[in-house]
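Here is the structure we will look at, set down as structure tokens.
The values are calculated or read from the model by the stated rules, or taken from the named source; none is laboratory data. Remember, it's a predicted structure, so these values are computed and weren't measured experimentally. Cβ coordinates were reconstructed from backbone atoms using ideal geometry, including for glycine residues, and neighbour counts include every protein chain displayed.
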Amino acid sequence: MSEDNKKLEDELKNKAEQAEETIDETVKETVEEVNDTATDLKEEGSDAFNTAKEKASEIANEAKEALGSVKDKATEFINEDAKEMLSSAKEKASEFASEAGDKLEDFSEAAKEKASELAEDAKETYTEAKAKAKEFAGEAGEKLSEFADVAEDKLEDLAEDAKETYTEAKEKTKGFFSKLFGKK
């Protein structure tokens, strides 16, 4: 093997190693970003759920107080007045449940969009890293391509896991409201 061929082979190996390191760093950074965002979304969902739970508890306490007041006043007023007050309290609780459901739906949509954006960003980063690797390495490109495919699969799995976690949180929250207000 001539000295020029050996130099060219060494240079190709070095460039392939550099490209692989660049891909490793990019994939690690992207995975960290996805993990951070998933954690943030989970915390935001938890906060929203806790806020809704507290508000629902307040409404329930208000409803209990209103019901107690209605029972006390029932002896003072005619039956029609008592029924009207109870109906008003039920209507108020129903309105809050509807508003809370709308807010939860808005939050859910925003979380879906953010997860979708993150998945798209991860795919774009992967595509850019794969293109750079092909520029630097000829035969070594096959090995890098296989590595990139595995990284893409892992990122897609991570995005799917994040989406499933979000869906589970959404269903649990809807179930909570359904149990609390008797709506489906």
Residue count, segment 108-125 (criterion: at pLDDT 65 or above and buried (at least 18 other Cβ atoms within 10 Å of the Cβ)): 3
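Can you go through LYS90, LYS42 and tell me which one is surrounded by 11 or more Cβ atoms within 10 Å (Cβ to Cβ), over 30 Å from GLU168 (Cβ atoms) and either out of contact with any Leu (no Cβ under 6 Å at 6 or more places or on another chain) or at pLDDT below 90 (or both)? Reasoning before the result, please.
Working: LYS42 fails: over 30 Å from GLU168 (Cβ atoms).
Criteria check complete, one pass: LYS90.
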Residue pairs meeting the criteria (Cβ under 9 Å; at least 6 apart or on separate chains; first acidic (Asp, Glu), in segment 1-17; second in a helix (DSSP H, G or I)): GLU17/ALA140
Check on ASP36, surrounded by fewer than 15 Cβ atoms within 10 Å (Cβ to Cβ) and either at pLDDT 90 or above or of a type in the set (Phe, Trp, Tyr) (or both): yes
Breaking point among (1) in a loop (DSSP other than H, G, I, E, B); (2) out of contact with any helix residue (DSSP H, G or I) (no Cβ under 8 Å at 6 or more places or on another chain); (3) modelled with pLDDT under 70, for GLU76: (3)
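Listed here are the residues, each with its yes/no results for (1) of a type outside the set (A, V, I, L, M, F, W, C); (2) at pLDDT below 80; (3) farther than 17 Å from THR127 by Cβ.
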{"position": "LEU144", "(1), (2), (3)": "no, yes, no"}
{"position": "VAL150", "(1), (2), (3)": "no, yes, no"}
{"position": "GLU156", "(1), (2), (3)": "yes, no, no"}
{"position": "ALA169", "(1), (2), (3)": "no, no, yes"}
{"position": "PHE176", "(1), (2), (3)": "no, no, yes"}
{"position": "LEU180", "(1), (2), (3)": "no, no, yes"}
